[in-house]
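> The structure that follows is given in the form of structure tokens.
Taken together, the values in this text are just the output of simple stated rules run on the coordinates, not laboratory data. Every value quoted in this text rests on a predicted model; they were computed, and no experiment measured them. We place every Cβ from the backbone using ideal geometry, glycine too, and count neighbours over all the protein chains shown.
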Amino acid sequence: MIPNLLRELDWQIKNIVNLSAPVFKKTLKYPEKLTQGFSDQKKSRYQYIAQKYDLTSWSTTCNEQEFIENLYVLDICDQFIENTRPALSLDIGSKNWSYFPALRSFTQGTWHGVEIDAHRRYWNMTTRMGYAKYMIQECGQCRYFPESLLNINATYSFITWFLPFVKINPLRYWGLPDRYFEPEKLLQHAVQLLAPNGQMLIVNQGDEEAEIQKSLLNSLRINARFLGELQSPFNPYSHPRLGWVVSKSL
């Protein structure tokens, strides 16, 4: 594991030299070529999703891997979230926002994304932020904030939070300084951003992280419903993902 001092130095450099190269990628122009190879279960679920939601923009922004990932995210939201068409929603820890099309299709409203490690750079010199801006280019009101969640102060009717850092080793693995490991403070702030009658979907990786998430929720006395494993025929991940829905009453 890289020592904290070196991670801190790398962090400072990364956030100073933060310009992104343009994004060039091969998108899935003809999704039907992919969906024709689906199993019967996948085809049935895909037909349901495609009829219920507008997926037309996906072929111009998603490659094949992202198309499947977005189907999974949209399927999970459809299964577990009461869709009240919120006007303003927030995604916490957006990374490069490769799954933004699914969020947009689900709510048809405006989204804000926040990512503290927004200037992480790929081999082609594109940054997460540069990639995210490519993904949201067709949504003029949607915004991506390269900063800490603690700096966000709007009110949101729907919040998603995929794989929060509830253990310090994953945070260190991704190169963040130790000072950014503050799971309880971040969770408390996220709930404060939630509008009355709002919903927040939290997704953890594996049983251990879900147990830690449960302890955090309990310690802050946050009302949350455990969803168990988030199953979908489109699941592209090797590790199980488990979810919670936080509901904020009036």
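> List the aspartates and glutamates whose Cα lies under 13 Å from the Cα of K52, skipping any in the same chain that are fewer than 8 positions away.
Cross-link targets: D75, D78.
> For I168 and I2 in one chain, what is 0.36 nm times their gap in residues minus the Cα-Cα distance, to one decimal in nm?
Here the segment from I168 to I2 would lengthen by 58.5 nm.
> Before anything else, pin down the relative contact order of region 165-249: Cα pairs under 8 Å, at least 6 apart, normalised by residue count, whole percent. Please report the intermediate quantities before stating the final value.
On the way: 98 pairs, mean separation 29.9, N = 85.
Relative contact order here is 35 percent.
> Name the residue, out of K214, K25, K95, whose mean-square fluctuation peaks in a Gaussian network model built on the chain with Cα pairs under 10 Å.
Per the Cα network of the chain with a 10 Å cutoff, K25 tops the list.
> How many lysine pairs are close in region 126-250, with Cα atoms under 21 Å apart and the two 8 or more places apart or on different chains?
Lysine pairs meeting both conditions in region 126-250 amount to 5.
> How do F181, F24 line up, fewest other C-beta atoms within 10 Å first?
F24, F181
> Then there's this: For region 22-109, what does the relative contact order come out to in percent, with C-alpha contacts under 8 Å and a separation of six or more?
34
> Treating each Cα of the chain as an identical point scatterer and ignoring solvent, apply the Debye formula and state log10 I(q)/I(0) at q = 0.08, 0.15 Å⁻¹.
Those come out to -0.31, -1.15, one per q.
> Note the full-extension length gain between S59 and S148 as 0.36 nm times their separation in residues minus their Cα-Cα distance, in nm to one decimal.
Here the segment from S59 to S148 would lengthen by 28.9 nm.
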